[in-house]
Amino acid sequence: MIIKPRVRGSLALNCHPMGCKKIVEDQIKVAKNSKQYEGAKKVLILGASSGYGLSTRISLAFGGSKSDTIGVSFEKEGTEKKVGSAGWYNNIWFKEAAEKEGLVAKNFIGDAFSHDMRKEVIEYIKDEFGGKIDLLIYSVASGVRQDPDTGVVHRSCIKPINEEFGGYTLNIQKEEIEYLSVDSATEEEIENTVKVMGGEDWSHWVNALVDEGVCNDGFKSVAYSYIGGDITRAVYRDGTIGRAKEHLENSAIKLNTLVSEKLGGEAYTSVNRAITTKASAFIPCFSIYASVLFKVMAEKGQEEPCMEHTHRLLADMIYGDSPNFDVQGRMRPDSWELSNDIQEESVNIYKDITEENFKELCDFKLYKKYFMNLNGFEADGIDYNEDVDLEWLSTLRP
């Protein structure tokens with residue numbers, strides 16, 4: 001099958017498995033060619049198949065630590081007739097590369113929110129992964145969560161609180177910008193978003209791992225978060241997602257006390273920089289802000305794709321000699337993005353954007369490339385006119 005990208009608005013409908021392989025290989029090269037560091041040897045990553053979770057896994061395995069990793073993700077399996085999700089293939093290609101270098105790369109495909117998944121992972125750690133882990137990374141990104149205790153399904157939403165909010169967003173398919181507005185969230189919507197995207201599930205995982213005795217002394221756990229600047233504040237940090245992130249960060253305080261007392265370890269959030277994600281196009285103004293940010297940071301020599309940013313976080317901060325904590329105990333690799341000069345210039349550009357000039361004022365081309373890369377398209381060196389052997393791919397397992 002010849003696979004061409006299918007995009008509806010800013011929603012990617014398919015992926016290119018071999019493009020995914022090339023992008024994973026390119027990220028591995030970044031890790032190998034960047035600063036090497038000694039970090040955790042046994043690692044569990046929740047949300048390991050794309051974005052920050054995948055780049056964390058690659059950095060730890062190929063950036064000097066030679067980490068054995070367990071990845072948990074919810075993905076769609078590929079078949080002989082249909083491609084699976086990009087994360088399905090990312091898991092396959094990461095495992096293949098890691099095992100070539102003698103590393104353990106175990107993938108669990110399923111619901112990270114469920115007690116059954118926690119039980120299955122913990123049993124694997126005890127029986128086949130050396131008994132204990134050194135690091136848990138929490139990078140789960142989902143819009144839906146079933147509470148494992150009540151069975152109630154909660155759905156998050158991206159809305160402001162106490163006000164309506166609107167702004168331009170990128171339409172990848174049409175290469176246009178369009179105005180998108182959202183109403184103020186109800187209390188129920190706020191509560192549901194916190195249930196899905198807050199710290200409850202992270203807390204379940206850390207408590208279960210500690211209670212089952214599968215954490216080494218000095219165990220660390222890091223959950224990824226985001227703050228952003230004034231442009232996105234109303235719909236992001238001051239909105240429903242912000243409430244969830246506050247809950248996540250408050251959970252870190254309790255978890256830090258737990259692992260510190262029990263294991264001499266630590267737990268905290270890392271506030272990472274803005275990146276292109278599958279969901280970001282649906283946040284009013286976020287995709288425009290990100291494309292402006294990419295341009296401004298590139299002009300100042302500070303543009304970092306997800307892989308480079310994550311590797312700096314791990315090599316310099318989490319396992320390096322330059323940790324950057326704020327007064328609330330959050331790691332802050334986003335300090336480049338939120339520096340005064342970057343933000344001031346981004347705001348000045350953003351306020352002048354129109355439907356006619358956005359490609360001149362934003363780096364739309366780079367934003368689109370990052371977006372397409374998420375699904376294996378626009379990878380350098382891939383001939384997208386070549387047939388992809390889905391029958392062979394369907395025999396591979398993550």
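So is Gly265 farther than 20 Å from Arg155 by Cβ and surrounded by fewer than 21 Cβ atoms within 10 Å (Cβ to Cβ) or not?
Working: farther than 20 Å from Arg155 by Cβ: yes; surrounded by fewer than 21 Cβ atoms within 10 Å (Cβ to Cβ): no.
So Gly265 fails the test.
For region 294-398, list the helices (runs of 4 or more DSSP H) that sit wholly inside it and hold at least 3 residues that are among the aliphatic types (A, V, I, L, M) and modelled with pLDDT of 95 or more; which are they? Qualifying helices (runs of 4 or more DSSP H): 340-350.
Here's a check for you: in region 211-227, which residue that is under 22 Å from Thr56 (Cα atoms) and over 18 Å from the mean Cα position of the chain (by Cα) is most open to solvent (accessible area, probe 1.4 Å)?
Quick first cut of region 211-227, residues under 22 Å from Thr56 (Cα atoms) only: 214-227.
In the following step, the residues that additionally are over 18 Å from the mean Cα position of the chain (by Cα) were identified as 214-220.
On the way: Val214: 1, Cys215: 7, Asn216: 48, Asp217: 131, Gly218: 38, Phe219: 1, Lys220: 30 Å².
Only one residue tops the list, namely Asp217.
Can you find a residue that is in contact (Cβ under 8 Å) with a residue 12 or more places away in the chain, hydrophobic (A, V, I, L, M, F, W, C) and in contact with a Pro (Cβ under 7 Å, 6 or more places away or on another chain) anywhere in region 114-125? Within region 114-125, not a single residue is in contact (Cβ under 8 Å) with a residue 12 or more places away in the chain, hydrophobic (A, V, I, L, M, F, W, C) and in contact with a Pro (Cβ under 7 Å, 6 or more places away or on another chain).
Filtered by the rule that a residue be of a type in the set (Lys, Arg) and not in a helix (DSSP H, G or I), region 247-269 gives no residues. Just name the residue that is nearest to the chain's Cα centre (by Cα) out of those in region 11-49 that are of a type in the set (Gly, Ala, Ser) and assigned to a helix (DSSP H, G or I). In this case the residue turns out to be Ala31. The residues of region 371-389 that are in contact with a helix residue (DSSP H, G or I) (Cβ under 8 Å, 6 or more places away or on another chain) and open to solvent by less than 30 Å² (accessible area, probe 1.4 Å), listed by number, are Phe371, Asn375, Gly376, Phe377, Ala379, Val388. Filter region 44-78 down to the residues that are of a type in the set (Lys, Arg) and open to solvent by 10 Å² or more (accessible area, probe 1.4 Å), then identify the one that is farthest from Leu393 (Cα to Cα). The extreme case among them is Lys66. If you go through region 4-17 and keep only what is small (Gly, Ala, Ser) and open to solvent by 20 Å² or more (accessible area, probe 1.4 Å), you end up with just Ala12.
All conditions but one from (1) free of Cβ contacts under 8 Å to residues at least 40 places away in the same chain; (2) more than 18 Å from the chain's Cα centre (by Cα) apply to Ser73; the one that does not is (2). Quick check: anything in region 156-178 over 15 Å from Thr232 (Cα atoms), under 22 Å from the mean Cα position of the chain (by Cα), open to solvent by less than 20 Å² (accessible area, probe 1.4 Å) and at pLDDT below 95? Scanning region 156-178 turns up at least one residue that is over 15 Å from Thr232 (Cα atoms), under 22 Å from the mean Cα position of the chain (by Cα), open to solvent by less than 20 Å² (accessible area, probe 1.4 Å) and at pLDDT below 95. All conditions in (1) open to solvent by 10 Å² or more (accessible area, probe 1.4 Å); (2) not in a strand (DSSP E or B) hold for Ala244, with the sole exception of (1).
Within region 18-41, track down each residue that is touching a Phe, Trp or Tyr at 6+ places or on another chain (Cβ under 7 Å), closer than 18 Å to Tyr319 by Cα and either among the hydrophobic types (A, V, I, L, M, F, W, C) or open to solvent by 50 Å² or more (accessible area, probe 1.4 Å) (or both). Before the answer, list the steps.
The initial filter retains those residues of region 18-41 that are touching a Phe, Trp or Tyr at 6+ places or on another chain (Cβ under 7 Å), namely 19-21, 24, 28, 31-32, 37-39.
If we keep only those that are closer than 18 Å to Tyr319 by Cα too, we end up with 31-32, 37-39.
Ala31, Lys32, Glu38, listed by residue number.
Any chance you could count how many residues in region 339-356 are more than 15 Å from Gly229 (Cβ to Cβ) and among the charged types (D, E, K, R)? Number satisfying all stated conditions: 3.
What number of residues in region 62-96 are within 13 Å of Asn107 (Cβ to Cβ), assigned to a helix (DSSP H, G or I), in contact with a helix residue (DSSP H, G or I) (Cβ under 7 Å, 6 or more places away or on another chain) and of a type in the set (A, V, I, L, M, F, W, C)? Within region 62-96, residues that are within 13 Å of Asn107 (Cβ to Cβ), assigned to a helix (DSSP H, G or I), in contact with a helix residue (DSSP H, G or I) (Cβ under 7 Å, 6 or more places away or on another chain) and of a type in the set (A, V, I, L, M, F, W, C) number 2.
Among the residues of region 359-370, are any out of contact with any helix residue (DSSP H, G or I) (no Cβ under 9 Å at 6 or more places or on another chain) and under 30 Å from Val24 (Cα atoms)? Please lay out each step first, then the result.
Here is the first cut: in region 359-370, the ones out of contact with any helix residue (DSSP H, G or I) (no Cβ under 9 Å at 6 or more places or on another chain) are 360, 369.
Of the ones still in play, those that are also under 30 Å from Val24 (Cα atoms) are 369.
Checking region 359-370: at least one residue is out of contact with any helix residue (DSSP H, G or I) (no Cβ under 9 Å at 6 or more places or on another chain) and under 30 Å from Val24 (Cα atoms).
A count restricted to region 334-348 and to residues that are under 14 Å from Thr232 (Cα atoms) and hydrophobic (A, V, I, L, M, F, W, C) stands at 2.
Which residue out of Asp363, Asp334 is open to solvent by less than 80 Å² (accessible area, probe 1.4 Å) and in contact with a Ser or Thr (Cβ under 8 Å, 6 or more places away or on another chain)?
On the way: Asp334 fails: in contact with a Ser or Thr (Cβ under 8 Å, 6 or more places away or on another chain).
Every option except Asp363 fails the conditions.
Applying the set (1) closer than 25 Å to Ser335 by Cβ; (2) of a type outside the set (Val, Ile, Thr); (3) open to solvent by 50 Å² or more (accessible area, probe 1.4 Å) to Arg237 leaves exactly one unmet item: (3).
The values are calculated or read from the model by the stated rules, or taken from the named source; none is laboratory data. The structure displayed is predicted, hence computed values, not measured ones. Ideal geometry is used to build each Cβ from the backbone, glycine not excepted, and the neighbour counts take in all protein chains shown. Ligands, DNA and RNA are excluded from the accessible area calculation, which covers all protein heavy atoms including side chains. Shrake-Rupley method; radii C 1.70, N 1.55, O 1.52, S 1.80 Å.
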